[in-house]
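Reviewing the structure listed below.
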Amino acid sequence: MADESCDIAIIGGALSGAATAWHLARLGFDGRIALFERDTGFSRAATALSASGIRQQFSRAENIALSIRTLNFLRNASEHFGTETDIAFRENGYLLLASEAGRETLAANHAVQKQCGADVALLDPASLKERFSWLATDGVAAGSLGLANEGWFDAMALLAAFRRSLRESGTVAMVPGEIAKIDTDLGRVTGLRLANGTRWRCGTIVIAAGPSSGAIARLAGIDLPTEPRKRSVFFFHAMHRFADMPLTVDSSGLYVRPEGDGYISGISPAPEEDGTADPDDFDPDWHVFEDRIWPLLAARIPAFEAIKLQSAWAGHYDYNPFDRNALIGRVSGLEQLYAITGFSGHGVQQAPAAGEALAELILLGEYRSTDCTAFSPGRIAAGAPFAERNII
């Protein structure tokens, strides 16, 4: 097949890749950008399968800054994409509960959040019970509640808006196909090859392939610690509707929030059971609901003792086992290779801001909107973890 060419190749067309391409175009990049995606229906994309929450309740100021920047972007979505764009942001907040053992960590994280300007309240059990009558506070020592600027939104509507804007502008080529090889020469990337044999010559490559990012990096001989970790999400109906319910995270790791006419819930696997997922395994782990989730739900929210499981799905985190934090910036080992991945569960809520920051680094040589220096993949080779404690 004949060779194609572009100036910047972005591998991964979901939210992180699309946001990076959109911001490159917005900043005035006048070269050719190509956005590569193998799953053109996004049926397996983390963007489509996530719970699509957005919160400021992190342990690192840099993560808080990315989410605040994204929130501002979401609030102005109609200005970016037109008045017909509706991302359905529901500002119910996040409620993070801590046992006595976790109270000190919750308080320390709360202090960081307040220093960053987040509107978050630290509540004792009595205050929690007064505010949320449906909540059982047995074993709860404290709770952290986002009073504003937290909730959930329609991530696929946002992705559709990015991609529609890119198509209409004509500045980005959207290329279907699977990457088979990344070409290099003298320590820098020179192009990539698709499984159908097409070769694309390019001077810069961005890995934005979510859970597949580690596998993509290995095509260039680079070790990027990002792997798929499976998470099941369960949708159920209950007799009671709690309109004021925030996305509630129990000290056990269980989370639950309203969704449509019911609720969704999930929980991370136990550490000894949580390993690299088969990239083709998207079957929900149904037993988790019966064995772990339902008992915890009934104990924390007694009204959920009688519920009816309706459906479930499974998705993959782009999990960074090194420190469970994003990898944004230049990748060590090859010139002109960049990454935006490894968010370990909070990529949907940070992709618009992270994509903007990476576009600035590529085009301007520095971060201007949000400083993402701490997320540099270079910390892997340096053996300097930048760990995020608040992973859901």
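The values are calculated or read from the model by the stated rules, or taken from the named source; none is laboratory data. What you see is a predicted model; the values in this text were computed from it and never measured. Here the Cβ positions follow ideal geometry from the backbone for every residue, glycine too, while neighbour counts run over all protein chains shown.
Which condition breaks for MET156 when tested against (1) in contact with an Asp or Glu (Cβ under 7 Å, 6 or more places away or on another chain); (2) surrounded by 17 or more Cβ atoms within 10 Å (Cβ to Cβ); (3) closer than 30 Å to GLY31 by Cβ?
(1) is the only condition that MET156 fails.
So, in segment 1-45, of the ones that are among the polar types (S, T, N, Q) and farther than 20 Å from GLY203 by Cβ, which residue ends up surrounded by the most Cβ atoms within 10 Å (Cβ to Cβ)? It would help to see each step written out before you state the result.
Keep residues of segment 1-45 that are among the polar types (S, T, N, Q), which gives 5, 16, 20, 40, 43.
From the residues that got through so far, the ones that are farther than 20 Å from GLY203 by Cβ too are 16, 40, 43.
Working: SER16: 34, THR40: 11, SER43: 9.
That would be SER16.
Sort through ALA303, ALA381, ALA351, ALA298 and tell me the only one that's modelled with pLDDT under 95 and not hydroxyl-bearing (Ser, Thr, Tyr). Walk me through it before giving the result.
Working: ALA303 fails: modelled with pLDDT under 95; ALA351 fails: modelled with pLDDT under 95; ALA298 fails: modelled with pLDDT under 95.
So the residue among ALA303, ALA381, ALA351, ALA298 that is modelled with pLDDT under 95 and not hydroxyl-bearing (Ser, Thr, Tyr) is ALA381.
Results for (1) free of Cβ contacts under 8 Å to residues at least 12 places away in the same chain; (2) under 24 Å from ASP250 (Cα atoms); (3) over 20 Å from the mean Cα position of the chain (by Cα), shown as yes or no for each residue.
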{"site": "SER59", "(1), (2), (3)": "no, yes, no"}
{"site": "ARG69", "(1), (2), (3)": "no, no, no"}
{"site": "ARG75", "(1), (2), (3)": "no, no, no"}
{"site": "HIS80", "(1), (2), (3)": "no, no, yes"}
{"site": "ASN92", "(1), (2), (3)": "no, yes, no"}
{"site": "ALA107", "(1), (2), (3)": "no, yes, yes"}
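Looking at VAL249, VAL206, which one is crowded, with 23+ Cβ neighbours inside 10 Å, under 24 Å from ILE54 (Cβ atoms) and either of a type in the set (Phe, Trp, Tyr) or not assigned by TED's automatic domain parsing to the domain that holds LEU24 (or both)? Please lay out each step first, then the result.
Details: VAL206 fails: either of a type in the set (Phe, Trp, Tyr) or not assigned by TED's automatic domain parsing to the domain that holds LEU24 (or both).
Of VAL249, VAL206, the one residue that is crowded, with 23+ Cβ neighbours inside 10 Å, under 24 Å from ILE54 (Cβ atoms) and either of a type in the set (Phe, Trp, Tyr) or not assigned by TED's automatic domain parsing to the domain that holds LEU24 (or both) is VAL249.
From the list SER332, SER369, exactly one residue is modelled with pLDDT under 95 and assigned by TED's automatic domain parsing to the domain that holds ILE33. Which is it? Full working, then the answer.
Working: SER369 fails: modelled with pLDDT under 95.
Of SER332, SER369, the one residue that is modelled with pLDDT under 95 and assigned by TED's automatic domain parsing to the domain that holds ILE33 is SER332.
Specify which of the listed residues (THR204, THR171) is among the hydroxyl-bearing types (Ser, Thr, Tyr) and either under 21 Å from the mean Cα position of the chain (by Cα) or at pLDDT 95 or above (or both). Outline the logic, then answer.
Values: THR171 fails: either under 21 Å from the mean Cα position of the chain (by Cα) or at pLDDT 95 or above (or both).
None of the others qualify; the one that does is THR204.
Looking only at segment 210-242, count every residue that is touching a helix residue (DSSP H, G or I) at 6+ places or on another chain (Cβ under 8 Å), of a type outside the set (D, E, K, R) and more than 30 Å from ARG300 (Cβ to Cβ) and tell me the total.
The qualifying residues number 4.
Collect the residues in segment 80-101 that are in contact with a strand residue (DSSP E or B) (Cβ under 8 Å, 6 or more places away or on another chain) and outside any strand (DSSP E or B), keeping them in residue-number order.
Taking segment 80-101 and keeping what is in contact with a strand residue (DSSP E or B) (Cβ under 8 Å, 6 or more places away or on another chain), we get 89-98.
Within segment 80-101, PHE89, GLU91, ASN92, GLY93 meet the criteria.
Kindly indicate the residue of segment 258-293 that is among the polar types (S, T, N, Q) and assigned to a loop (DSSP other than H, G, I, E, B) and also nearest to GLU305 (Cα to Cα) among those meeting that condition. Walk me through it before giving the result.
Pass one, segment 258-293, residues among the polar types (S, T, N, Q): 265, 268, 276.
Add one more test, that the residue is assigned to a loop (DSSP other than H, G, I, E, B), and what stays is 268, 276.
On the way: SER268: 21, THR276: 33 Å.
Going through the qualifying residues, I end up with SER268.
Do any strands (runs of 3 or more DSSP E) lying entirely in segment 132-209 carry at least 1 residues that are of a type in the set (S, T, N, Q) and either out of contact with any helix residue (DSSP H, G or I) (no Cβ under 6 Å at 6 or more places or on another chain) or more than 21 Å from PHE42 (Cβ to Cβ) (or both), and which ones are they? So that I can check it myself, show each step before the final result.
Details: elements: 142-146, 172-176, 179-185, 188-194, 199-201, 204-207.
The strands (runs of 3 or more DSSP E) meeting that bar are 142-146, 179-185, 188-194, 204-207.
Mind counting the residues in segment 117-131 that are buried (at least 18 other Cβ atoms within 10 Å of the Cβ) and either at positive phi or in a loop (DSSP other than H, G, I, E, B) (or both)?
Count: 1.
Would you mind telling me which numbered condition in (1) more than 17 Å from SER50 (Cα to Cα); (2) in contact with a helix residue (DSSP H, G or I) (Cβ under 6 Å, 6 or more places away or on another chain) SER265 fails?
(1)
Filter segment 297-326 for residues that are surrounded by 18 or more Cβ atoms within 10 Å (Cβ to Cβ) and either of a type in the set (Ser, Thr, Tyr) or within 17 Å of HIS237 (Cα to Cα) (or both) and give the result.
Of everything in segment 297-326, those that are surrounded by 18 or more Cβ atoms within 10 Å (Cβ to Cβ) and either of a type in the set (Ser, Thr, Tyr) or within 17 Å of HIS237 (Cα to Cα) (or both) turn out to be LEU297, ARG300, ILE301, PHE304, ILE307, ALA312, TYR317, TYR319.
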